[in-house]
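To keep things clear, I will list the structure first and then write my remarks on it.
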Amino acid sequence: TATPKSLGALALRKKFKDGSFTPTELTARAIAEVKRLAAHSPSMMPMHYLDEAGALRDAEASTQRYRDGQIRGPLDGMIVPIKEELDIEGHGNTLGLKRQAKLDAVDATAVKWLREGGAIILGQTVMTENGMSPIGCSAQRRLPRNACDPRFAAGGSSTGSAVAVAIG
């Protein structure tokens, strides 16, 4: 039987529309998975920043839109992690560095458009310092290992994003 983790966006939308599964349930499961991955050794944690409250708030709003037949578009209710090089409202970006996030930041334009389309912004995925490592290693923070074989680095500056997609 299919799980939300194994379903594609079209199948999820169908379930959202018929009410058999909701964006709120999907988001709660994603948050639980992120928390499980945080304890995994070696690291499989793709997230640098998890906006649990914001994601659940936006998921509830999306769930209500589906109930009311007011769907915003194909991304409504879909979870989207953002690479930490883009600003997220109230958090900013850290570019893979150990620095204070900008708490007064507003959403980057791409993030704003995703939200307007109903996407659920889960938070930010980890990246290498300034995106400068082609192998996915960092002296600044712990990066997730390769999702297919944790003996290896995941590779690239978008390490967290790649692992988030690979693990569903």
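The values are calculated or read from the model by the stated rules, or taken from the named source; none is laboratory data. Just so we're clear, the structure is a prediction, and the values are computed from it rather than from any experiment. Here Cβ is always computed from backbone atoms with ideal geometry, including for glycine, and neighbour counts include all displayed protein chains. These area figures cover heavy atoms from the full protein model, side chains too; ligands, DNA and RNA do not enter into them. Shrake-Rupley method; radii C 1.70, N 1.55, O 1.52, S 1.80 Å.
Can you give me the number of residues within the stretch 16-51 that are touching a residue at least 24 places away in the same chain (Cβ under 8 Å) and assigned to a loop (DSSP other than H, G, I, E, B)?
Final tally of qualifying residues: 8.
Return the residues of the stretch 87-104 that are buried (at least 21 other Cβ atoms within 10 Å of the Cβ) and among the hydrophobic types (A, V, I, L, M, F, W, C); say none if nothing qualifies.
Ile88
Out of the residues in the stretch 10-52 that are among the acidic types (Asp, Glu) and over 12 Å from the mean Cα position of the chain (by Cα), which is most open to solvent (accessible area, probe 1.4 Å)?
Applying the first criterion (among the acidic types (Asp, Glu)) to the stretch 10-52 yields 18, 25, 33, 51-52.
Among the residues that remain, those that are also over 12 Å from the mean Cα position of the chain (by Cα) are: 18, 25.
Values: Asp18: 98, Glu25: 82 Å².
Selected residue: Asp18.
For (1) farther than 30 Å from Ile71 by Cβ; (2) assigned to a loop (DSSP other than H, G, I, E, B), each residue gets a yes or a no:
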site	(1), (2)
Gly96	yes, yes
Lys102	yes, yes
Ala105	no, yes
Leu114	no, no
Leu143	yes, yes
Arg151	yes, yes
Gly155	yes, yes
Gly160	no, no
Gly168	no, yes
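Scan the stretch 53-74 residue by residue and report those that are open to solvent by 40 Å² or more (accessible area, probe 1.4 Å) and without any contact (Cβ under 8 Å) to a residue 60 or more places away in the chain. Break it down into steps so the answer makes sense when it comes.
Going through the stretch 53-74, the residues open to solvent by 40 Å² or more (accessible area, probe 1.4 Å) turn out to be 53, 56-57, 60-61, 64, 67-72, 74.
If the condition is that a residue be open to solvent by 40 Å² or more (accessible area, probe 1.4 Å) and without any contact (Cβ under 8 Å) to a residue 60 or more places away in the chain, then Ala53, Leu56, Arg57, Glu60, Ala61, Gln64, Arg67, Asp68, Gly69, Gln70, Ile71, Arg72 are the ones that fit.
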